[in-house]
Amino acid sequence: PTMAHSKALLVLENFIGGKFVPCSSYIDSYNPSTGDVYCRVPDSGKEEVEAAVKAAKDAFPVWSSKSPLERSQILNKLADMIEHDLEAFAQAESKDQGKTITFARTVDIPRAVHNFRFFASSILHHVTECTEMPTMGCVHYTSRVPVGVAGLISPWNLPLYLLTWKIAPAIACGNTVVAKPSEMTSVTAWMMCKLLEKAGVPPGVVNVVFGTGAKAGEALVCHPDVPLISFTGSTLTAQRITEKSAAHCKRLSLELGGKNPAIIFDDADLSQCIPTTVRSSFANQGEICLCTSRIFVQRGIYSEFLKRFVEEAKKWKTGNPSDPTINVGALISKEHLEKVRNYVKKAQAEGARVLCGEGVDPLALPPGNQKGYFMLPTVIAEVKDESCCMQEEIFGPVTCVVAFDTEEEVIKRANGVKYGLAATVWSSNVGRVHRVAHRLQSGLVWTNCWLVRDLNLPFGGMKASGIGREGAKDSYEFFTEVKTITIKH
């Protein structure tokens with residue numbers, strides 16, 4: 001871009017040791033709803049990560065020796081400040097990520113605020129264990145201490161929401177952090193950095209280094225002074241992280257993809273099931289690891305379900321994310337849109353039927369959004385279980401609907417993928433609900449609802465969907481080291 005043009009661009013800086021630090025080179029970040037470059041993001045590497053890790057190490061002794069109550073008060077203050085600026089954060093998240101302003105306002109930013117409040121509270125309620133051995137004259141107890149510098153790598157689909165889901169427990173437990181948001185969605189992380197000092201977070205406790213996974217992420221994962229890595233993203237990247245961190249025996253928490261089934265039995269309440277399943281398929285453009293992308297419908301209600309589901313999906317409006325009446329915003333990037341479209345083409349080539357959306361219905365966009373990365377909610381039927389559309393994570397507004405006959409058969413088919421993150425079951429038979437939930441290879445099972453979350457409870461997946469769990473107790477255990485202390489008296 002010319003100089004005149006680049007003056008208008010937002011230029012982000014790394015946040016290291018409580019200060020914003022310029023970088024020697026930058027990456028272009030696009031506004032997905034217009035296709036224009038609107039922001040420059042630092043292209044950080046080894047040097048920047050080195051400085052951030054040093055700042056985090058220097059800040060660790062003071063921060064880790066604060067009481068949980070002192071840390072809790074600071075987290076609550078930060079939550080209040082983000083909430084105070086909720087609208088500005090929502091606008092920024094929508095522009096940067098392509099999601100609708102409605103979703104950013106009602107889901108992303110409120111959840112980021114809640115993440116800080118939740119861990120500010122939960123950190124006050126953990127207790128350690130104690131056992132006695134009277135015959136040996138011994139008493140044993142456990143003590144938990146923060147680990148050190150935590151490396152946090154978060155994705156582009158729910159930028160501030162997932163970044164704070166890592167930062168909050170890490171610092172609540174007394175660790176200091178070096179975080180790397182996705183280079184495609186860095187703006188809200190940078191905005192949060194501006195609030196840290198005022199909230200009372202000491203310099204160096206939270207450091208944010210912007211850049212790509214290949215450069216900045218790799219430098220963080222390979223750094224010998226970062227004993228733990230929490231990562232949310234693709235299974236492929238997670239394999240690389242696991243290999244790179246093996247030499248240092250790092251502790252890993254990996255929250256990866258999903259290929260989540262919805263199982264709809266013939267006794268389901270369709271008046272609830274259909275709108276919720278449309279939402280679980282297309283919310284946030286389908287760019288949520290918990291989205292439903294395989295819908296198994298019992299044969300008796302299959303044709304009725306399909307007809308009503310497609311009607312409902314067609315009501316979802318795609319367009320300018322800043323329009324509050326829009327349901328579907330822009331996908332994250334040109335490359336990602338292309339990838340999602342290719343799945344639909346493959347399904348068609350295999351003989352599946354595309355019932356609505358991509359390539360079937362016209363997509364009318366406002367003049368300013370013609371070059372944006374948009375796609376209509378797309379429903380595909382008659383897909384074979386072995387098709388890549390039923391096996392691989394598409395991560396876009398695409399869902400496949402297929403019929404099944406028996407409970408036994410659908411459990412087998414639902415489990416027949418490499419992922420195991422979330423599942424939804426729709427039935428009014430309580431016994432069946434428990435049986436099916438018990439047998440699904442899935443870290444989360446929702447029945448007659450979707451995405452109802454209690455942050456106290458473990459979150460995470462089985463198989464290729466990840467390692468470890470996040471939640472009140474689980475995050476506390478991940479972000480602390482436990483010692484067993486024995487005293488003879």
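Some observations on this one:
- Yes/no for A352 being touching a Pro at 6+ places or on another chain (Cβ under 6 Å) and closer than 23 Å to E287 by Cα: no
- Answer residue from the range 455-466, given it is assigned to a loop (DSSP other than H, G, I, E, B) and open to solvent by 50 Å² or more (accessible area, probe 1.4 Å) and is nearest to I229 (Cα to Cα) among those: P458
- Strands (runs of 3 or more DSSP E) fully within the range 1-94 counting 2 or more residues that are of a type in the set (V, I, T) and modelled with pLDDT of 95 or more: 36-42
- Residue selected from the range 27-44 under the condition among the hydroxyl-bearing types (S, T, Y) and within 17 Å of C193 (Cβ to Cβ), by the criterion surrounded by the fewest Cβ atoms within 10 Å (Cβ to Cβ): S29
- Residue within the range 97-106 that is in a helix (DSSP H, G or I), closer than 17 Å to K180 by Cβ and modelled with pLDDT of 95 or more present: yes
- Options A238, A283; residue that is among the small types (G, A, S), within 23 Å of S33 (Cβ to Cβ) and within 22 Å of the chain's Cα centre (by Cα): A283
- Yes/no for P261 being closer than 15 Å to V425 by Cα, open to solvent by 20 Å² or more (accessible area, probe 1.4 Å) and touching a residue at least 24 places away in the same chain (Cβ under 8 Å): no
- Candidate set: the range 183-200, residues that are open to solvent by 10 Å² or more (accessible area, probe 1.4 Å) and either of a type in the set (F, W, Y) or within 22 Å of the chain's Cα centre (by Cα) (or both); chosen: the one nearest to Q91 (Cα to Cα): M191
- Per the listing L160, L152, the residue uniquely buried (at least 24 other Cβ atoms within 10 Å of the Cβ), closer than 21 Å to T242 by Cβ and at pLDDT 95 or above is L152.
- Helices (runs of 4 or more DSSP H) within the range 353-454 that include 1 or more residues within 18 Å of V297 (Cβ to Cβ), basic (K, R) and without any contact (Cβ under 8 Å) to a residue 24 or more places away in the chain: 407-414
- Listed by first and then second residue, the pairs linking a residue in the range 269-289 that is over 11 Å from L451 (Cα atoms) to a residue that is among the hydroxyl-bearing types (S, T, Y), with Cβ atoms under 6 Å apart and 6 or more places separating them unless they lie on different chains, are S281/T292; S281/T399.
- Test: residue in the range 201-214 that is within 30 Å of V433 (Cα to Cα) and surrounded by fewer than 24 Cβ atoms within 10 Å (Cβ to Cβ): no
- One residue alone among T484, T447 is of a type in the set (S, T, Y) and open to solvent by 70 Å² or more (accessible area, probe 1.4 Å), and that residue is T484.
The values are calculated or read from the model by the stated rules, or taken from the named source; none is laboratory data. Just so we're clear, the structure is a prediction, and the values are computed from it rather than from any experiment. Glycine gets a Cβ as well: all are built from the backbone with ideal geometry, and neighbour counts include every protein chain shown. The protein model used for the area step is the full one, side chains on, heavy atoms only, and it has no ligands, DNA or RNA in it. Shrake-Rupley method; radii C 1.70, N 1.55, O 1.52, S 1.80 Å.
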